[in-house]
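A short write-up of the structure that comes next.
The values are calculated or read from the model by the stated rules, or taken from the named source; none is laboratory data. Keep in mind that this is a model prediction, so the values were computed, not measured. Glycine also receives a Cβ, built like all others from the backbone with ideal geometry; neighbour counts cover every protein chain displayed.
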Amino acid sequence: MDECNPLVHGGAACRPTHVFVDEVQGFTPAELELVLAYAAGARVTAAGDTAQTITRGSTSFKFAAVSAAFHLHERTAPVETLTTNWRTHSGVQALCSHVVGRCRLTL
């Protein structure tokens, strides 16, 4: 972000053209609002895992909240589901999917 740092460029700030947000499930609604406000006029890509919630004290993160925040900033928020997992062995993934599915049934 040095190219947008006013300390590096004599006080002249610039605006980003694209902002990528990873692990969006760890953002509070207020943090997401800050990112979207900062990215005004820029493209925003947000990535996260629907089976994770890492915000301290939060057990109610919903990806619908991400869509709602984008909507408030008059942005579209298409959701694309990735179907290939390159990080986890398929047996571990199957077990986790089963556990998450059972948790959703009991909540």
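With respect to THR59, determine if the residue is at pLDDT below 75, among the β-branched types (Val, Ile, Thr) and out of contact with any helix residue (DSSP H, G or I) (no Cβ under 6 Å at 6 or more places or on another chain). Yes; evaluated as a whole, the condition is true for this residue.
Given (1) loosely packed, with under 12 Cβ neighbours inside 10 Å; (2) at pLDDT below 80; (3) not in a loop (DSSP other than H, G, I, E, B), identify the lone condition not met by PHE70. For PHE70, the exception is condition (1). Here ARG43 fulfils each of the conditions (1) closer than 30 Å to CYS103 by Cα; (2) at pLDDT 75 or above apart from (1). For the range 13-27, the tally of residues that are modelled with pLDDT under 85 and either exposed (fewer than 14 other Cβ atoms within 10 Å of the Cβ) or over 16 Å from HIS73 (Cβ atoms) (or both) stands at 5. As a summary of the residue check, GLU80 satisfies the conditions (1) loosely packed, with under 11 Cβ neighbours inside 10 Å; (2) at pLDDT 85 or above; (3) not basic (Lys, Arg) except for the one numbered (2).
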